[in-house]
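The values are calculated or read from the model by the stated rules, or taken from the named source; none is laboratory data. Predicted model only: the values in this text are computed from it and were never measured. Because the Cβ atoms are built from the backbone with ideal geometry, glycine has one as well, and the counts that use them run over all protein chains shown.
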Amino acid sequence: MKKLFYAVCLIAGISFIHINNSYAGAPETKKVCVEQKDPKTGKSKEVCKDVKIHKKLDGTKVPEKK
């Protein structure tokens with residue numbers, strides 16, 4: 001009986017985690033590259049980073065006071 005209870009709890013926990021991850025989704029990323037010059041050698045090299053793209057939320061206009 002305990003094994004059945006633990007199995008049900010495990011399945012419920014895994015499904016709960018899966019549901020939460022599906023709503024969040026994977027964040028969109030964009031690769032940004034910048035040219036940097038090495039101060040010692042004088043050579044330039046390209047440095048790249050992955051940057052998350054955030055969704056812009058449109059707010060509502062604040063009503064004016066009379």
Just to check your reading of the model, which residue among Lys49, Lys37, Lys61 is under 16 Å from the mean Cα position of the chain (by Cα) and at pLDDT 80 or above? Lys49
Hey, can you tell me all the residues within the stretch 48-63 that are surrounded by 10 or more Cβ atoms within 10 Å (Cβ to Cβ) and hydrophobic (A, V, I, L, M, F, W, C)? Val51
Could you please let me know if Lys66 is basic (Lys, Arg) and modelled with pLDDT of 80 or more? no
